[in-house]
Each structure stands twice: as structure tokens, then as C-alpha cells.
Amino acid sequence: MTPDEMLFFDGHSAALPLYEKLKERILAEVPEARIEVRKAQISFFTKHMFAAVSFTPVRGASERPAAFLTVTFGLRWQVASPRIDAAVEPYPGRWTHHVMIGSIGEVDEELLRWIREAAAFSSGKR
């Protein structure tokens with residue numbers, strides 16, 4: 001864990017185990033990924049950004065877990081799943097999806113499949 005990653009979680013320490021598990025799984029699935037920590041999100045890149053984590057509240061306050069991360073990824077198509085909290089098409093053929101996770105168990109094969117697909121999509125872009 002880098003000092004920048006630790007600083008990102010200042011005030012959100014309860015969400016740190018979620019990030020550690022997600023990061024571990026992403027790097028196992030996409031070993032060439034690099035990480036950039038910014039003020040509002042931690043981004044995962046290959047050729048282009050394919051996933052990010054943030055504290056963006058994509059659900060109403062009463063529906064959010066006490067500790068959460070919002071996982072964002074981009075695909076060529078819109079995923080139809082009740083797990084997707086929000087999906088937007090910022091331009092044709094690019095769907096940005098947001099999934100809020102509140103437990104380590106939610107870092108599962110379904111989420112990782114979407115992230116692998118997002119990494120492949122990102123790598124194929126010019």
C-alpha cells in the first residue's frame with residue numbers, strides 16, 4: 001500500500017479492507033495494470049483507464065452501507081444487472097457503470113468478470 005493510497009482512505013478507514021481485496025483481485029486478473037491515485041478516485045490503467053474506485057454516493061444515504069466503495073468500469077455495452085447502481089453512455093459505444101460494494105464478499109467473480117472485460121475493452125481502444 002503506497003502512502004498516496006493510505007492518504008486517499010483518510011477518514012474512510014473502514015473501507016480500506018474493501019479496496020485491499022479489490023486491488024489484490026484486479027492485479028491478479030490484470031497483472032499489467034498500473035494504479036494512479038488522484039484526489040477523488042484511485043484509477044486502474046492498462047493502455048487506458050479501465051476501472052476506478054471512489055466514495056461517490058451512487059445510492060441514497062439510507063441505502064448505502066456504512067463503509068463502501070463505488071467501483072466504476074467502462075464497457076462497450078450496458079450491463080443489465082441489479083448490482084449496477086448507475087450506468088451512463090457518455091458517448092456512443094462506451095458505457096460507464098457504477099457498482100457500490102459494502103462487503104468483501106461483493107468482490108466476487110461477477111464483478112471481476114466485468115473488470116476483466118473492461119480491461120480488455122480499454123486495451124483495444126486507440
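The values are calculated or read from the model by the stated rules, or taken from the named source; none is laboratory data. Everything numeric in this text was worked out from a predicted model, so none of it was measured. Using ideal geometry, Cβ is built from the backbone for each residue, glycine included, and neighbour counts are taken over all protein chains shown.
From the list L27, L18, exactly one residue is closer than 19 Å to H98 by Cβ, surrounded by 12 or more Cβ atoms within 10 Å (Cβ to Cβ) and at pLDDT 95 or above. Which is it?
Answer to the check: L18.
What's the total number of residues in segment 92-126 that are touching a Ser or Thr at 6+ places or on another chain (Cβ under 8 Å), assigned to a helix (DSSP H, G or I) and either of a type in the set (F, W, Y) or touching a residue at least 40 places away in the same chain (Cβ under 8 Å) (or both)?
Number of matching residues: 3.
Which one of E32, E89 is assigned to a loop (DSSP other than H, G, I, E, B), exposed (fewer than 13 other Cβ atoms within 10 Å of the Cβ) and out of contact with any His (no Cβ under 9 Å at 6 or more places or on another chain)?
Of E32, E89, the one residue that is assigned to a loop (DSSP other than H, G, I, E, B), exposed (fewer than 13 other Cβ atoms within 10 Å of the Cβ) and out of contact with any His (no Cβ under 9 Å at 6 or more places or on another chain) is E32.
If a residue has to be surrounded by 14 or more Cβ atoms within 10 Å (Cβ to Cβ) and under 14 Å from L69 (Cβ atoms) to count, how many in segment 38-51 make the cut?
The total comes to 5.
State which residue is farthest from T70 (Cα to Cα) when the search covers only segment 2-16 and only residues that are in a helix (DSSP H, G or I) and not hydrophobic (A, V, I, L, M, F, W, C).
Taking the candidates together, the pick is P3.
I'm told S43 meets every condition in (1) in a helix (DSSP H, G or I); (2) closer than 19 Å to V99 by Cβ; (3) of a type outside the set (V, I, T) except one. Can you identify the failing condition by its number?
(1)
For K23, state whether it is under 21 Å from W95 (Cβ atoms), of a type in the set (D, E, K, R) and either in contact with a Ser or Thr (Cβ under 8 Å, 6 or more places away or on another chain) or in a helix (DSSP H, G or I) (or both).
For K23, the condition - under 21 Å from W95 (Cβ atoms), of a type in the set (D, E, K, R) and either in contact with a Ser or Thr (Cβ under 8 Å, 6 or more places away or on another chain) or in a helix (DSSP H, G or I) (or both) - is not met.
Answer with yes or no whether P57 is surrounded by fewer than 13 Cβ atoms within 10 Å (Cβ to Cβ) and of a type outside the set (D, E).
no
Quick one: in segment 46-57, which of the residues that are touching a residue at least 60 places away in the same chain (Cβ under 8 Å) and not in a strand (DSSP E or B) is farthest from I101 (Cα to Cα)?
Ranking the candidates gives K47 first.
Consider F55 carefully, then state whether it is out of contact with any Lys or Arg (no Cβ under 9 Å at 6 or more places or on another chain), of a type in the set (F, W, Y) and modelled with pLDDT of 95 or more.
Criteria met by F55.
Can you confirm whether I115 is at pLDDT 95 or above and surrounded by 14 or more Cβ atoms within 10 Å (Cβ to Cβ)?
Here the answer is yes, as I115 does meet what is asked.
Which ones in segment 58-69 are more than 15 Å from L111 (Cβ to Cβ), hydrophobic (A, V, I, L, M, F, W, C) and not in a loop (DSSP other than H, G, I, E, B)?
Once the filter is applied, which keeps residues that are more than 15 Å from L111 (Cβ to Cβ), hydrophobic (A, V, I, L, M, F, W, C) and not in a loop (DSSP other than H, G, I, E, B), segment 58-69 yields only A61.
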